[in-house]
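Taking it in order: structure first as structure tokens, then the write-up.
The values are calculated or read from the model by the stated rules, or taken from the named source; none is laboratory data. Model, not experiment: these values are computed from the prediction. Counting neighbours? That spans all protein chains shown, and the Cβs are built from the backbone with ideal geometry, glycine included. We work out accessible area using only protein heavy atoms, side chains counted, and drop any ligands, DNA or RNA first. Shrake-Rupley method; radii C 1.70, N 1.55, O 1.52, S 1.80 Å.
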Amino acid sequence: MTNKRIERVGVIGAGVMGSGIAAHLASAGVDVLLVDIVPRDAPAAVGELDAAFDHVRVRRNAIAAGAVKKMRKQKPSPFQKTADLRRISVGNLDDDLADLGSCDWIVEAVIERLDIKQSVFAKLDAVRGDHTIVSSNTSGIPLASMVEGRSDAFRSHFLVTHFFNPVRYMKLLEIVPGNDTAPAVTAKMHSFCERDLGKGVVYAKDTINFIANRIGVHGMMKALQVWLTDGYRIDEIDTIMGPAMGRPSSAIFKTADVVGLDTFGHVAKNCYDNLADDEERDVFVLPEPVAKLIEAGATGRKAGAGFYKKVGRDILVFDAASGDYVAREKLRTESLGQAKKTADVAKRIAGVVAADDRVGQFAWKVTSASLVYAANRMGEIADDVVSIDRGVRWGFNWDLGPFEIWDAIGVQNVADRLTAEGRAVPKLVSDMLAAGKTSFYAGKPGAKTGLNAELQPEALPALPGIHLSDVLANDGNIIASNKGAQLLNLGDGVACLRFTTKSNSLDGDIVQMGTEALELISTGDYDALVIGNDGKNFSVGANLMFIGGLIQAGKWKELEAAVNTFQQFTHALKYSSRPVVSAPHGMTLGGGCEVAIHSSRMQAAAETYMGLVEVGVGLIPGAGGTKEMTVRAAQAIPGGVKTDVVPFLQKSFETMALAKVATGAGQMAEMGFLRDVDSWSIDSDARIGDAKRVALQLVANNYRAPDAPVLNLPGADGIAAFDMALNAFKWSAMASEHDCILGHQIARVLCGGEKGGKVTEQQLLDIEREGFLHLCGLEKTQARIMHMLKTGKPLRN
């Protein structure tokens with residue numbers, strides 16, 4: 001085994017999974033050779049000197065090339081940015097076998113048939129380089145069967161790497177080493193997939209469907225069973241088993257629609273066919289109504305219908321009793337209302353399953369079945385609780401894994417309730433309680449242990465990066481705090497500004513704590529500042545209720561002072577004498593975006609969704625965002641070049657006037673949010689640690705604040721050009737009158753006001769603030785604000 005870096009990967013199979021793996025590798029900066037079989041109607045191969053060579057190659061590579069073409073149009077994109085496509089070359093399994101053999105890693109993602117996989121591996125065994133690692137993306141075929149007849153060298157370099165779909169967005173990667181897999185190969189793949197691909201790696205045993213699908217699909221199948229036996233509605237179940245139970249909003253049936261009912265059914269059938277000794281085997285039998293949906297082609301979102309069906313603007317839901325689609329119904333109960341108010345997910349789940357109503361009964365019946373099943377699988381599919389919990393969390397997007405849920409409800413409580421219902425308590429749990437152990441996990445974050453199959457505590461496998469829950473476990477790391485933010489000590493002279501408001505919305509408390517943080521680093525108490533948090537999103541924007549309240553109360557001076565304070569805060573971030581590194585993730589909208597783009601450097605998570613979306617509430621970016629996009633556009637003109645600046649301002653205008661949102665770090669760069677000096681972390685969990693590293697590098701390089709620019713902007717002529725374009729949109733019914741008013745105010749900032757010419761940043765901030773306050777006084781802006789506060793949706797008026 002060599003230490004050669006993985007720089008080129010071959011992917012065999014250009015279907016959904018193979019294409020997704022190839023796209024993710026390309027986005028991570030890895031060169032990819034994507035191959036599939038030669039189409040049946042393709043001509044025979046010819047030599048390179050043959051005049052028809054290029055034409056023949058195109059025909060023989062058509063399957064892989066077609067997959068790349070399809071990915072180019074796919075929404076959401078499997079790539080970070082369009083340019084990533086250039087890292088993928090295409091070929092076929094016959095003509096490019098030798099080229100495949102020279103790759104550093106070859107991942108097989110062909111159809112789930114043992115004979116076909118064995119045939120592929122036989123070919124690879126003859127051509128692979130001494131260093132080449134080979135893996136299979138299978139989720140159901142035993143590893144031992146796939147390597148039968150292969151050489152010792154092949155077997156020592158072979159393992160299973162099971163990605164989840166869609167590959168770009170799903171964190172889980174299950175690694176299954178074989179009995180002959182060299183430990184160095186396993187370690188190398190773990191390191192590469194975790195560090196370079198941003199995956200959460202879990203080690204599984206060579207069992208059917210490994211960890212996540214075994215537990216997750218069992219839970220979904222149990223939900224289908226109760227759906228039919230107890231007379232629940234599909235939309236009712238998805239409401240119960242969504243965020244109220246620490247699950248994604250897609251819950252059960254929407255998730256199945258996204259995955260595909262046929263795919264879901266295949267995984268369930270694989271369990272039933274191959275798990276003859278599983279005590280829950282019958283749960284994996286596909287219910288008749290679901291089998292009929294699949295037979296009718298209603299396989300989910302890809303088919304336009306599954307458990308849900310969109311008809312016009314309405315989304316209907318499948319009704320098993322009638323066999324037809326019916327209108328959805330809202331489910332409101334006291335238990336769900338209480339769950340919505342409970343931020344702590346462990347307490348929320350415990351509360352829902354304890355509820356003595358229809359919601360609680362379903363939640364307990366399905367959840368307890370999953371808890372029992374997971375406990376009975378310990379030692380069979382994995383050797384410790386953390387592997388099972390991380391597998392289910394990362395593979396099915398649960399907030400808590402099954403053993404974490406055992407602890408949340410209380411192990412003894414669950415055991416007592418099972419006994420009272422005449423159900424068997426898992427032996428693992430009985431033995432655990434008999435030994436005086438009442439929880440699967442113990443200790444504080446950063447020093448937590450979890451039980452293994454022998455009921456012995458083990459330190460949790462470390463994850464990359466800095467986790468703020470670990471930092472917060474030591475009270476001494478809290479430098480200062482108020483109602484909206486905390487200032488934390490990350491060590492090595494680096495502080496961290498952490499938002500703690502609801503949805504991390506920006507308010508006066510955050511600005512106050514941020515100002516205090518800047519003072520702290522300016523005096524030398526700390527060397528640098530990271531701005532990051534551990535919420536679902538970095539920040540969804542400014543506190544709109546606060547702004548709306550000031551408008552309704554007619555407190556215009558207070559509103560102007562608040563806007564000015566926010567502007568001066570972001571300005572201070574940009575011109576801090578010591579480095580400030582923002583670490584945005586998830587939704588980073590409005591004011592959240594403005595904070596991030598004013599930092600000395602940005603270390604964004606790959607899945608950051610950034611935009612200046614204030615026009616949705618009838619405003620323009622008012623905390624320096626419009627100003628900063630103007631500066632970036634104007635500075636894109638090379639020094640000494642005299643040219644019309646309006647075309648350079650056009651992209652910034654469209655970004656703000658159309659409320660465009662970048663869907664990932666790649667698009668952030670394309671839209672001007674992420675500069676060449678900024679970077680991004682493919683693993684979101686590593687972003688704060690990466691941001692700290694960047695901050696320390698800046699300190700080591702004797703960081704200095706940038707010089708304040710003086711821009712040459714077009715003034716009234718530029719504003720007129722933008723107004724003309726806005727009127728064209730209005731005349732074609734693509735923009736409302738109020739949209740044009742908003743666009744005009746954006747144009748005023750971009751063009752340096754009517755006067756234009758030499759303009760400073762402070763002058764741009766004054767124009768921005770003036771436009772923001774003017775819009776606040778307009779009836780239609782106020783209507784947009786109130787509508788957003790009431791419904792959570794933008795109003796077009």
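Counting only residues at least eight positions apart within a chain, or on another chain, the aspartates and glutamates with an alpha carbon under 12 Å from that of LYS755 are ASP717.
With all pairs of different alpha carbon atoms counted, what Kirkwood hydrodynamic radius in Å does region 573-655 show? Walk me through the intermediate numbers first.
Values: mean 1/r = 0.0719 Å⁻¹.
The answer is 13.9 Å.
Note the angle between two axes, namely the Cα long axis of helix 737-750 and the longest principal axis of the Cα atoms of the chain, as a number of degrees from 0 to 90, rounded to the nearest 10. Tilt of helix 737-750: around 70 degrees.
I'm a student and want to see the number: the projected area of the Cα convex hull of region 1-134, averaged over all directions, in nm². Working shown, then result.
On the way: hull surface 35.9 nm².
Across all orientations, region 1-134 yields a mean hull projection of 9.0 nm².
Under 22 Å of direct C-alpha separation, and excluding same-chain neighbours fewer than eight residues apart, LYS340 reaches these lysines: LYS254, LYS330, LYS365, LYS483, LYS502, LYS536, LYS790, LYS793. Only helices enter the 222 nm calculation for the chain: every DSSP H run of n ≥ 4 contributes -39,500 (n - 2.57), and dividing by all residues gives -13500 deg cm²/dmol, rounded to 500. Relative contact order of region 74-148: 34 percent, from C-alpha pairs under 8 Å at least 6 residues apart in sequence.
Put TYR308, TYR169 in order of accessible area, largest first, 1.4 Å probe: what do you get? Spell out each step's value before the answer.
Working: TYR308 25, TYR169 75 Å².
From most exposed to least exposed: TYR169, TYR308.
Sequentially through region 111-126, phi angles give Karplus couplings (6.51, -1.76, 1.60; θ = phi - 60°) of 4, 7, 10, 4, 4, 5, 4, 4, 5, 4, 5, 5, 5, 5, 4, 7 Hz, Gly and Pro residues having no value and appearing as x.
For region 94-224, the share of alpha carbon pairs falling in successive 10 Å distance bins from zero is 12, 43, 34, 8, 2 percent. Dividing the mean sequence gap of close Cα pairs (under 8 Å, 6+ apart) by how many residues region 430-485 holds gives a relative contact order of 23 percent. By the Stokes-Einstein formula, at 1.306 mPa s and 10 °C, the chain with its Kirkwood radius over alpha-carbon pairs has D equal to 55 µm²/s.
Which GluC sites (Glu not before Pro) in region 657-758 pass both tests, a DSSP loop state and at most 14 other beta-carbon atoms within 10 Å? If you can, show how the numbers build up before the last one.
On the way: sites: GLU670, GLU737, GLU754; in loops: GLU754.
Qualifying residues, ordered by number: GLU754.
Split the accessible area of the chain by element, probe 1.4 Å, and carbon with sulfur accounts for 52%. Between helix 779-791 and the chain, what is the angle of the helix's C-alpha long axis to the longest principal axis, kept within 0 to 90° and rounded to the nearest 10? Roughly 20 degrees between the two axes.
Dividing the alpha-carbon radius of gyration of region 192-277 by 2.2 N^0.38 Å (N being the number of residues), what value is obtained? Write out the running numbers ahead of the final one.
Working: Rg = 15.0 Å, N = 86, 2.2 N^0.38 = 12.0 Å.
For region 192-277, the normalised Cα radius of gyration is 1.25.
Note on region 474-611: Cα Rg divided by 2.2 N^0.38 Å, N the number of residues, gives 1.02.
At a 10 angstrom cut-off on C-beta neighbours, averaged per residue, how do the peptides 401-414, 88-101 rank from highest to lowest? Present the calculation step by step, with values, prior to reporting the outcome.
On the way: 401-414: 22.1, 88-101: 18.8.
Packing proxy ranking, top to bottom: 401-414, 88-101.
Summing charges over all other residues whose Cβ lies under 10 Å from the Cβ of VAL392, with Lys and Arg as +1 and Asp and Glu as -1, gives +1. In region 1-85, Cα pairs under 8 Å separated by at least six residues give a relative contact order of 31 percent. Scalar couplings 3J(HN,Hα) for region 766-774, obtained by applying the Karplus form with A = 6.51, B = -1.76, C = 1.60 to θ = phi - 60°, are 5, 5, 4, 5, 4, x, 4, 5, 4 Hz; x denotes Gly and Pro.
Could you please put MET170, MET189 in sequence from largest to smallest accessible area, using a 1.4 Å probe? Let's see the in-between values first.
Values: MET170 25, MET189 0 Å².
Ranking MET170, MET189 by accessible area, largest first, yields MET170, MET189.
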